[in-house]
Amino acid sequence: MSDAPQPLESYLAGSWRRGAGVETELTDPVHGTILATASAKGLDLKDALDHGRKTGGPALRALSFADRAKLIGAIADVLIANRPKYEAMAIANSGNTKIDAAIDIDGGIGTLKYYARLGGPLGAATFLLDEKPVRLSKAENFQAIHLLVSRHGVAVHINAFNFPSWGLWEKAAVALLAGVPVLAKPASSTALLAHEMVRDVIAAKVLPEGALSLLCGSAGDLLDQVTGDDVIAFTGSSETASRILRHPNILARGVRVNIEADSVNAALLAPGASEAAFDAFTKEVGREMTVKAGQKCTAIRRVFVPADRADVVADALLARLKKVTLGDPRNDAVRMGPVVTRAQQAAAFEGIGKIAMEAQVLTGGTTAPAIDGINPAKSAFVAPTLMRVTDTANASAVHDTEVFGPCATIVPYKSEAEAFALVARGGGSLVASVYGDDHAFFARAVAELGPSHGRLLMVEPSIADVHTGHGIVMPQCHHGGPGRAGNGEELGGLHGLRFYHQRLAVQGSMDVLSELQAKAYALH
Ligand code: NAP
């Protein structure tokens with residue numbers, strides 16, 4: 001990378017274009033250096049969306065699922081070939097450690113590979129059959145089937161700053177397999193990696209023209225330009241989500257929108273959990289707090305423990321956090337880097353301050369940690385911060401405040417019923433993990449916590465060392481949570497394709513329907 005800030009370009013309507021001026025400076029959160037700039041000012045987004053609809057859509061829809069799956073595999077191959085430079089970018093622009101960068105980069109590549117594998121067996125089909133034929137009248141020859149056909153618009157993907165790679169590819173893989181062209185808009189502050197990856201994929205010419213566009217810079221009038229044929233998949237804060245949902249054009253045209261938003265996720269230590277379950281619990285909470293400096297939408301924010309074990313849990317977590325070396329992630333001894341910007345640092349301190357009004361700060365807090373060789377006036381570090389609520393019954397900030405940083409709060413509970421009720425106060429979350437040994441307790445947890453979550457991870461000692469982690473989103477599984485988390489549904493294997501298809505009933509003679517059935521891939 002050169003020292004001069006690079007203006008990121010957008011790939012729109014088949015060419016790389018530069019917006020006017022500077023809307024956002026992309027910085028290195030360790031040293032404050034400006035790495036690049038982004039601007040979408042003056043870019044013609046109507047034209048860009050038209051290009052996707054008229055060029056990319058027809059080209060993708062002309063391909064079978066198996067052929068689209070090959071394209072997705074080819075994207076993964078391009079990214080694998082260029083991986084070393086991506087890691088350096090993730091370290092520079094996002095303050096990632098190598099492990100953090102791998103979660104983002106390899107998470108994106110892994111999701112592409114998963115959908116490439118999943119799509120192959122769908123073969124020559126170009127649409128999906130949802131259910132068996134249903135009879136509608138006495139005449140046996142007149143029935144109905146339910147089909148899913150690719151939508152004719154563009155998949156507009158608006159992504160959050162914390163996963164510039166995974167966020168881009170976990171959405172694009174599913175849309176492309178569904179035959180829908182993508183216009184991806186990474187969050188401006190960390191767009192460097194997404195920009196480079198898309199540049200490589202476009203240069204490799206592995207996709208039909210118009211299948212993938214990139215908007216670097218602010219959304220501008222993007223929401224004014226979408227039509228009812230397009231879909232929007234958004235990941236980010238609930239404030240932006242509600243702005244999108246209330247946008248007059250989105251409302252007027254009934255644009256389909258998927259929201260993946262904030263989440264105040266929980267980890268719950270079951271009453272009477274064994275020492276082995278206890279260890280699995282503290283290990284996962286410690287890891288979740290510090291991986292990606294706590295900037296995962298799925299990270300554990302609330303830590304529910306039986307009141308009589310709150311002290312030992314606090315001690316065990318403090319001992320783990322003490323071992324976490326903070327600093328410049330270019331140094332291999334460093335275990336946790338900064339948050340991505342000074343604005344995110346300020347937001348994290350504000351959130352910690354709010355929760356601390358009702359909690360004791362056990363370690364960390366609202367001031368930048370002192371780190372050798374790092375200027376606190378230019379960097380964006382937040383110390384791992386563990387708090388413990390002082391009055392469980394009356395604390396509310398812990399349930400309402402998503403501190404998007406390395407921070408979690410212990411909430412002691414007195415009974416199982418109280419624990420379940422407290423977890424649900426998150427108002428709808430992406431994920432909760434439960435640690436214990438009693439299968440009957442796990443079953444009650446599913447019934448009580450299930451309605452307010454998109455995913456539950458049940459950890460008993462037998463899977464303590466093999467589970468994929470509380471915060472890791474697996475493409476095989478549903479991703480999205482109810483309520484505050486946005487009511488979204490992403491991934492989940494073939495289920496994810498539904499968002500990019502129109503489901504319709506087709507009524508007709510069995511002769512016609514049988515021919516259609518033969519051309520479709522049956523989901524059931
Ligand atoms: P954000 O500020 O809401 O921004 C998200 C995206 O929306 C960015 O690309 C941003 O662009 C764009 N945006 C902002 N205003 C917009 C508007 N008026 N119209 C259209 N797009 C607009 O969120 P963030 O700070 O990047 O991300 C952090 C949040 O994301 C956290 O709350 C986290 O929980 C959530 N998150 C959720 C998930 C999930 O899967 N549920 C995953 C990751 C993160 P600019 O950057 O150009 O402003």
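The values are calculated or read from the model by the stated rules, or taken from the named source; none is laboratory data. As the structure is a computational prediction, the values presented were derived from the model and not from experiment. Virtual Cβ from ideal backbone geometry, glycine too; neighbours counted across all protein chains shown. Accessible surface areas use protein heavy atoms only, side chains included; no ligands, DNA or RNA. Shrake-Rupley method; radii C 1.70, N 1.55, O 1.52, S 1.80 Å.
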* With N set to the residue count of the range 290-354, report its C-alpha Rg divided by 2.2 N^0.38 Å to two decimal places. => 1.30
* Structure fact -> Interchain or sequence-distant (5+) residues whose placed amide H lies within less than 5 Å of the amide H of MET458 are VAL434
* With every protein chain present, what is the per residue accessible area of the chain (1.4 Å probe, Å²)? -> 38 Å²
* To do: Lys and Arg at +1, Asp and Glu at -1: add these up for the other residues within a Cβ distance under 13 Å of VAL340 and post the number.
  => -1
* For a quick protection proxy, order the peptides 29-42, 122-135 by their average other-Cβ count within 10 Å, most packed first. => 29-42, 122-135
* Structure fact -> When the charge dipole of the chain is computed with +1 at the Cβ of Lys and Arg and -1 at the Cβ of Asp and Glu, the Cα pointing farthest to the positive end, of GLY364, ALA408, VAL506, is that of VAL506
* Dipole in debye (nearest 20) - the chain, about Cα centre, beta carbon charges: Lys, Arg +1; Asp, Glu -1 -> 900 debye
* To do: Give the peptides 107-117, 508-518 in descending order of average Cβ contacts within 10 Å, highest first.
  => 107-117, 508-518
* Asked: Using helices alone, what [θ] at 222 nm do you get for the chain, with -39,500 (n - 2.57) per DSSP H run of 4 or more residues, divided over all residues and rounded to the nearest 500?
  -> -10500 deg cm²/dmol
* Got a sec? Charge dipole of the range 1-106, +1 on Cβ for Lys and Arg, -1 for Asp and Glu; which of THR55, LEU79, GLY19 is way out at the positive end? -> THR55
* Across the range 28-36, in residue order, what do the Karplus-derived ³J(HN,Hα) couplings come to in whole Hz, using 6.51 cos²θ - 1.76 cosθ + 1.60 with θ = phi - 60° and x for Gly and Pro? -> 8, x, 8, 10, x, 5, 7, 9, 6
* Asked: Please report, for the Cα atoms of the range 342-471, the Rg to one decimal and the Dmax as a whole number; what are they, in angstrom?
  -> 16.9, 52
* **For LEU26, residues with placed amide H under 5 Å, excluding near neighbours** => LEU35, ALA36, THR37, ALA38
* Structure fact -> In order over the range 192-199: 3J(HN,Hα) from phi, Karplus 6.51/-1.76/1.60, θ = phi - 60°, whole Hz, x for each Gly or Pro, gives 4, 5, 4, 4, 5, 5, 5, 4
* **Among 455-467, 54-66, 479-491, the order from most to least packed when residues are scored by Cβ within 10 Å on average** => 479-491, 54-66, 455-467
* Vicinal HN-Hα couplings computed from phi for the range 88-100 (Karplus, 6.51 cos²θ - 1.76 cosθ + 1.60; Hz; Gly/Pro x) -> 4, 5, 5, 5, 6, 8, 10, x, 5, 6, 4, 5, 4
* Among DSSP beta bridges whose residues both lie in the chain, state the antiparallel percentage, nearest 5. => 40 percent
* Furthest towards positive pole of dipole, MET197, VAL423, ALA155, structure part the chain, Cβ charges -> ALA155
* With a/c under 1.5 counting as rounded, go ahead and sort the range 79-190 into rounded, prolate or oblate using the C-alpha gyration tensor (a ≥ b ≥ c being the square roots of the eigenvalues; past the cut-off, prolate if a/b is larger than b/c, else oblate). => prolate
* Structure fact -> Amide H contacts under 5 Å for ALA522, restricted to residues at least 5 apart in sequence or on another chain and with H modeled in the peptide plane, are LEU129
* Asked: Over the chain, what relative contact order in percent results from Cα pairs under 8 Å that are six or more residues apart?
  -> 19 percent
* What is the range 106-233's relative contact order, in percent, from Cα pairs under 8 angstrom and six or more apart in sequence? -> 27 percent
* Asked: Hey, any idea what % of the chain's accessible area is carbon plus sulfur with a 1.4 Å probe?
  -> 54 percent
* How long are the three semi-axes of the equivalent ellipsoid of the chain, in whole Å, if each is the root of 5 times an eigenvalue of the C-alpha gyration tensor, listed from largest down? -> 39, 31, 19
